[in-house]
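Take a look at the structure set out below.
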Amino acid sequence: MAGILLEGDHVTDDERAAHARALATKEREKSMSRAAEVKARVGAQKLGKALQFPGTALSDRVVEPGPFSCKLAKGDHLRIIDLEGQQAVDFLVYDAANDENRYNAANTIKINRSVYIGKGFRLISDLGDVLMTIIEDTVGHHDTIGGCCSTEVNYMRYGIKDTPSCRTNFISALRAHGMDPRDIPANINFFMNVPVRPDGSTEIVDGLSEPGDYVDLRAEKDVLVVISNCPQQYNPCSGWNPTPIRVIEWHPQPGR
Ligand SMILES: [Zn+2]
């Protein structure tokens, strides 16, 4: 989106912040009315489909913008539902038996031969293991290169200090598992749209997901999943308006 940042050597923090806040207010209003229209049209049907799976739910939680983590046994599934549409879900996965063996973006891009991921794609670790496979995906296009927003880079881009961020959420979620900021590799952004153009330029643009869209991932090993449901308000990654997601852990055999 052109004009998202006010750039230049002589621009003050206050000017950048005023620009970012004014743009976010205007874009949020447009985004919310578009999302309401799409939800009224397809939301119930999409959510109905998202809540069907051939197995038993192990847990079912609504996750507000913020941190989340869970452990999955090999063979179990994680379904992430974008309840309101255009909501970036920053995602990391670790081998539960060895947290130094974790999602590796470059390996995943190389093995799948794509900077975007979707149905059928495998999430590859540092040591060449398949940690999870994307079994279902109603969007078809998710980001591997945009990384997570941080309080520090939000200040750099928007001139606004102390914003909530995915990096802060990751740190908070990882701490519960005995890890720290050094354990944050480049992450996946489900439902985030970061097109790479033929000339190599790229930026975060409006998301493609609609209310009720989902991804479904199968654990190929025992894994730890760490999520930041993105709290970003100053760019289109979460429709300028961070909203809750629904996270369902399920097992494909009934009665477990
Ligand atoms: Zn974020």
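The values are calculated or read from the model by the stated rules, or taken from the named source; none is laboratory data. Predicted model only: the values in this text are computed from it and were never measured. Here Cβ is always computed from backbone atoms with ideal geometry, including for glycine, and neighbour counts include all displayed protein chains. In case anyone asks, the SASA skips ligands and DNA or RNA and just uses the protein heavy atoms, side chains included. Shrake-Rupley method; radii C 1.70, N 1.55, O 1.52, S 1.80 Å.
Overview of results
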read-out: Fraction of accessible area attributable to carbon and sulfur, the chain (%, probe 1.4 Å); value: 52
read-out: Principal semi-axes in Å for region 199-256 [√(5λ), Cα gyration tensor, largest first]; value: 29, 15, 12
read-out: Linear extension gain, Arg175 paired with Arg21, 0.36 nm per residue minus alpha-carbon span; value: 52.3 nm
read-out: Per-residue [θ]222 nm for the chain (sum of -39500 (n - 2.57) over DSSP H runs n ≥ 4, rounded to 500); value: -7000 deg cm²/dmol
read-out: Kirkwood hydrodynamic radius over Cα pairs of region 64-192, then Stokes diffusion coefficient at 20 °C and 1.002 mPa s, in µm²/s; value: 138
read-out: Listed peptides 241-253, 103-115 by packing density, highest first (mean Cβ within 10 Å); value: 241-253, 103-115
read-out: Descending Cα extents along the principal axes, the chain, whole Å; value: 60, 43, 37
read-out: Length gained when the stretch Lys30-Arg197 is fully extended (0.36 nm per residue, less Cα-Cα span); value: 57.6 nm
read-out: Accessible area of region 13-251 divided out per residue, in Å², using a probe of 1.4 angstrom; value: 43
